[in-house]
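Below is one structure, written out as structure tokens; comments come after it.
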Amino acid sequence: MKPRLFTFDIFGTVLDWRLGLAESVRNHGYSFNESTDFDSVIDAQAVDERAGYDSYSKIVARSLESVIGLKAEDALAIGRRAGTWPLFSDSKEALQRLMTFAPCVAMTNSDFSHGEQVQRQLDFQLSDWICAEEVKVYKPSPDFWRQVSEKTGIPMDRSWWHVAAYGDYDLKAARELGLTCVFINRAHSVDGPADLRFEDLQSLANHVSRLS
């Protein structure tokens with residue numbers, strides 16, 4: 001089914017989550033092992049997110065304090081600037097192309113301020129930035145998808161394509177809700193149920209262009 005809506009995971013799919021976090025920690029004078037520390041930090045964030053809503057900036061900060069041993073002020077500074085982490089090289093052009101076919105909406109465990117930072121890097125606005133700060137839940141809660149459906153007016157069916165590099169947080173839930181699941185094989189992806197698989201967002205854009 002042709003897409004009526006694209007929703008995108010941002011951290012790890014559009015932004016290089018692992019590289020951005022590692023560089024931020026190192027720039028504050030701490031060591032960071034991308035092979036082990038990143039997974040431990042993300043696991044700590046997942047536990048924190050399940051405990052109830054708090055800003056993603058604070059969740060990032062607490063994970064860096066507990067896992068890496070950052071000082072509170074350094075950790076919060078990193079959390080507040082998570083949207084400045086580098087885009088994957090294909091993200092900007094691919095998103096511009098995809099927006100010519102259907103609305104492109106960020107569906108992200110983040111804050112509004114991160115949306116401003118990301119879209120400043122893109123040099124254009126996405127169709128919408130729907131984040132945890134707005135819906136007050138974190139993926140993979142099905143309630144996140146329900147609120148996005150209500151806001152966009154798009155039913156949860158195969159015409160809604162959810163795009164992510166993470167099968168555990170995103171695609172498993174999207175599959176259970178009846179969406180088209182699009183897996184992007186990024187450097188730190190986690191495989192999961194997918195109807196379509198691509199190496200990057202440009203490959204997705206090429207595929208969609210052939211459908212029109």
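A short reminder: the numbers here are calculations on the coordinates, not readings from a lab. Note that the structure is predicted; figures quoted are calculated from it, not measured. Here the Cβ is made from the backbone with ideal geometry for all residues, glycine too, and neighbour counts use every protein chain on show.
Just a few scattered comments:
- Förster-model FRET efficiency, 41 Å R0, LYS136 and LEU87, C-beta, rounded to 0.05: 0.90
- Among THR84, THR36, THR108, sorting on how many other beta-carbon atoms sit within 10 Å of each Cβ, with the fewest leading, yields THR36, THR84, THR108.
- Approximate spin-label separation ASN33-SER66, in nm, with each point projected 7 Å along Cα-to-Cβ: 2.0
- Of all DSSP beta bridges confined to the chain, the antiparallel ones make up roughly 5%.
- Dipole of the chain [Lys/Arg +1, Asp/Glu -1 at C-beta], most positive-end residue of ALA194, MET156, TRP17: MET156
- Mean shadow area of segment 17-83, taken as a quarter of the surface of its Cα convex hull (nm²): 3.9
- Taking other C-beta atoms within 10 angstrom as a stand-in for reagent exposure, MET107, MET1 fall in the order MET1, MET107, fewest first.
- Between GLU23 and LYS2, the FRET efficiency from the beta-carbon distance, with R0 = 45 Å, is close to 0.70.
- In segment 1-97, the chymotrypsin sites (Phe, Trp or Tyr not before Pro) that fall in loop regions by DSSP, at most 15 other Cβ within 10 Å: TYR53
- Once the trypsin sites (Lys or Arg not before Pro) in DSSP loops with at most 16 neighbouring Cβ atoms within 10 Å are cut out of the chain, the longest remaining piece is 1-70.
- Partners for LYS2 among lysines (Cα-Cα distance below 26 Å; same-chain residues under 8 apart left out): LYS92, LYS139, LYS151, LYS172
- Full-extension gain in nm, ASP123 to ASP43, via 0.36 nm per residue minus C-alpha separation: 25.6 nm
- DSSP H segments from the chain that extend 30 Å or more along their own axis, Cα-based, with Kyte-Doolittle mean of 0.0 or above: none
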